[in-house]
Structures are given as structure tokens and as C-alpha cells.
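Notes follow once the structure below has been shown.
The values are calculated or read from the model by the stated rules, or taken from the named source; none is laboratory data. Since we're looking at a predicted model, the values are computed, not measured. Here the Cβ positions follow ideal geometry from the backbone for every residue, glycine too, while neighbour counts run over all protein chains shown.
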Amino acid sequence: MHKVRKAVFPVGGLGTRFLPATKTVPKEMLTVVDKPVIQYVVDEARAAGIEHLIFVTGRSKAVIEDYFDAQVELYTTLAARGKKEELEHLKDIQPHPGTTSFTRQQQPLGLGHAVWCARELVGEEPFALLLPDMLMQAKKGCLSEMVELYGKTGGNIVSVQECRPEEARQYGLIGKGCSIAHGFRITTMVEKPQKGKIPSNLYINGRYILQAGIFKILEQQECDSDNEIQLTDAMLKLSAIEPFYGFHFRGKTFDCGSKTGFIKANVAFALARDDLRDQVILTLNDLLKDAIRKRASYMDTEG
Ligand code: UTP
């Protein structure tokens with residue numbers, strides 16, 4: 001069985017839900033506390049043993065490539081000012097030379113198309129796929145757990161989690177079959193299902209281990225009515241010819257592609273930090289008390 005050495009990060013989306021910020025700043029570079037969203041996801045991939053990072057970018061995303069490059073002038077200035085800790089940290093998170101690749105998705109034709117754009121860089125081996133706007137918080141990284149499961153099952157794996165009934169139609173959902181190791185067989189997959197066609201409350205939360213066979217299927221797939229090539233449809237076809245498993249992630253997932261998910265992630269990651277927790281609790285407490293008081297007096301005047 002091939003080791004999962006490469007990870008694909010599709011960062012070609014338009015991020016329209018974050019306009020006007022995303023006119024010039026890619027949504028993957030928006031910060032959760034003090035780190036760009038993309039850094040959290042890259043950290044998760046490296047903790048899972050990923051050796052090569054493949055970014056599928058788009059127009060106005062060049063800053064992502066700069067971010068992962070060495071900033072020699074900045075390093076020199078930090079050294080001259082004695083900012084040793086900051087300098088060490090920047091060097092620690094900088095990928096080793098030759099371990100990042102960038103390719104452009106020339107048109108934003110959907111996630112499936114972005115993944116297909118990575119085919120030459122991935123080659124014939126299995127690869128991890130991480131959606132950078134889905135941030136995870138857990139003791140052990142979601143991808144690390146999936147790589148462990150992969151060691152037992154091989155094949156293809158998607159991570160899933162419960163969603164609330166009102167959220168079910170926003171995501172890709174799966175049908176759950178029998179248990180295997182710490183995962184289970186996938187019986188079906190459907191992207192943004194119609195009412196009455198929801199297979200379960202388990203949605204695909206942005207982490208995948210896929211075999212290279214997905215590229216041949218994506219190559220032949222037509223665009224849907226939104227002019228996008230859907231990854232979920234291609235995975236469903238792949239599951240008919242190759243083993244496909246689900247991994248039930250038990251940590252927290254924040255959808256940073258949505259405004260409330262992004263705000264929630266900022267609060268949750270700040271509350272997890274020893275240097276910020278107490279101050280953040282006090283601040284949130286003040287803000288909430290104020291908001292609750294204002295809402296109550298509004299209800300009184302309305303009622
Ligand atoms: P989204 O569905 O969140 O789309 O993409 P988006 O364009 O980024 O954001 P909105 O909906 O306009 O606000 C999910 C993931 O797939 C990538 C995105 O970058 C994100 O990581 N993606 C999406 C691409 O790389 N290319 C695409 O054509 C579409």
C-alpha cells in the first residue's frame with residue numbers, strides 16, 4: 001500500500017461570501033486569531049505526515065505562494081532587532097525547499113475541477129485533500145486519524161460529521177454502511193440533496209484520502225446546472241469501482257467559508273489559548289450582557 005505523502009489544497013474559489021474583503025485578500029489568508037486560515041490546515045497536514053503540499057490557486061491568489069516562501073528581508077530585520085522567538089517561529093512553519101507546488105485553476109469551475117487541476121502534480125499515488133475553509137479543532141488532527149484508518153483499510157476515505165437537519169441541504173451527505181476498523185462503508189453520496197433525498201445527517205466535512213483513479217472520472221465529468229464539476233458526484237462513481245470508507249470525526253469543525261463559522265472559529269481558537277482565554281471570556285461576557293439587555297428592551301417596546 002502506498003503511503004499518503006501528498007496533500008492538495010484547493011484555494012481557487014472566489015469567496016463571494018466574504019466580499020469585499022476577498023476582492024484582494026484570498027479567503028484562505030483571512031486570520032483566525034493571529035494565523036491565516038490556510039496555516040491551520042497546512043499544520044494539520046504536516047502533523048499527519050504529509051511531505052508535499054500542492055496548492056491549486058486562481059487569479060489574485062499569488063499572496064498564498066508568497067506566504068509560504070522565505071521572507072529574507074523580514075528575517076534579517078527581525079534578527080537585527082533581537083526578535084529571536086518570532087524569527088524561529090517563522091522558520092519553523094516555513095516549508096522545506098522543493099516541498100510545495102502551485103498550479104492555477106484558470107476558471108473557477110468547482111471543487112471537482114480544482115482537484116482535477118492537481119492531477120499532474122499528484123501522479124499515480126493516493127493523496128490527501130483538505131478544504132482550507134474547514135477548520136478542525138481536536139486533540140488529534142482529523143487527517144492524522146484518517147491516515148491511521150487508511151493504514152488498515154486502504155482505498156478511499158472521507159471524513160464525516162453530524163449536521164443539524166436545517167444544514168443538511170448545504171453540504172455533501174453520505175449513507176452509512178457496515179463498520180470496518182474505526183470507519184465504515186459508504187453506501188451513497190449526494191451533494192446538496194433535495195428535500196426527501198437526504199441519506200443521513202452525516203456531512204462530508206472537508207477531509208479526504210483519495211486514489212488517483214478519481215482524476216480519470218473527473219476528466220470525463222460534465223459541469224452541473226451551476227457550471228461546476230462536483231467532486232461528490234465523481235466520488236460516487238469511484239465508489240462503484242473502488243472501496244470507499246467513512247471516518248466519523250469527533251472533534252469540532254468550523255466552516256470558515258461562512259461568516260458565522262468564521263466568527264465561531266475565532267472565538268473557539270482564542271478560548272483554546274492560555275494567553276488569551278481569560279481576557280476573551282471577560283470581553284465576550286460584557287458584549288453578550290449588553291446585547292441581551294438591548295434585545296430585551298427592544299422586545300419590551302415591540303411587545
Ligand atoms: P466554496 O464552495 O466555499 O466556494 O468552495 P468559494 O468560491 O470558495 O466561496 P463562495 O461560496 O463564493 O463564498 C469550497 C472549497 O473549494 C475551493 C474553494 O477555494 C474552497 O476551498 N474551490 C471552489 C476551488 O478551488 N475552485 C472552485 O472553482 C470552487
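Which pairs have Cβ atoms under 7 Å, sit 6 or more apart or on different chains, and link a residue in segment 6-17 that is under 13 Å from residue 257 (Cβ atoms) and of a type in the set (Phe, Trp, Tyr) to one that is assigned to a loop (DSSP other than H, G, I, E, B) and more than 6 Å from the ligand (Cβ to nearest atom)?
Hits for this filter: zero, empty list.
Check every one of the helices (runs of 4 or more DSSP H) wholly within segment 84-143 and list those with 1 or more residues that are more than 16 Å from the ligand (Cβ to nearest atom). Even if it seems obvious, please write down each step before you answer.
Working: elements: 84-93, 111-116, 119-122.
Qualifying helices (runs of 4 or more DSSP H): 84-93, 119-122.
When you go through 54, 38 one by one, which is the residue that is touching a residue at least 40 places away in the same chain (Cβ under 8 Å), within 16 Å of the ligand (Cβ to nearest atom) and farther than 30 Å from residue 220 by Cβ? I'd like the intermediate steps shown before the answer.
Details: 54 fails: farther than 30 Å from residue 220 by Cβ.
So the residue among 54, 38 that is touching a residue at least 40 places away in the same chain (Cβ under 8 Å), within 16 Å of the ligand (Cβ to nearest atom) and farther than 30 Å from residue 220 by Cβ is 38.
Please find, among 22, 31, the residue that is within 12 Å of the ligand (Cβ to nearest atom) and within 23 Å of residue 256 (Cα to Cα). Before you say what the answer is, go through the steps one by one.
Details: 31 fails: within 12 Å of the ligand (Cβ to nearest atom).
Of 22, 31, the one residue that is within 12 Å of the ligand (Cβ to nearest atom) and within 23 Å of residue 256 (Cα to Cα) is 22.
When you look at residue 288, is it modelled with pLDDT under 95, more than 20 Å from the chain's Cα centre (by Cα) and either within 16 Å of the ligand (Cβ to nearest atom) or within 30 Å of residue 36 (Cα to Cα) (or both), yes or no? Can you show your working first?
Values: modelled with pLDDT under 95: yes; more than 20 Å from the chain's Cα centre (by Cα): yes; either within 16 Å of the ligand (Cβ to nearest atom) or within 30 Å of residue 36 (Cα to Cα) (or both): yes.
In short, yes.
Going by the structure shown, is residue 172 more than 16 Å from the ligand (Cβ to nearest atom) and either buried (at least 23 other Cβ atoms within 10 Å of the Cβ) or more than 16 Å from residue 252 (Cβ to Cβ) (or both)? Lay out the reasoning, then the answer.
On the way: more than 16 Å from the ligand (Cβ to nearest atom): no; either buried (at least 23 other Cβ atoms within 10 Å of the Cβ) or more than 16 Å from residue 252 (Cβ to Cβ) (or both): yes.
So residue 172 does not fit the description; no.
Filter segment 125-145 for residues that are of a type outside the set (Gly, Ala, Ser), under 23 Å from residue 12 (Cβ atoms) and modelled with pLDDT of 95 or more and give the result.
If we filter segment 125-145 for residues that are of a type outside the set (Gly, Ala, Ser), which is where we start, we get 125-127, 129-137, 139-140, 142-143, 145.
Remaining after also requiring under 23 Å from residue 12 (Cβ atoms): 125-127, 129-136, 142-143.
Within segment 125-145, 125, 126, 127, 129, 130, 131, 132, 134, 135, 136, 142, 143 qualify.
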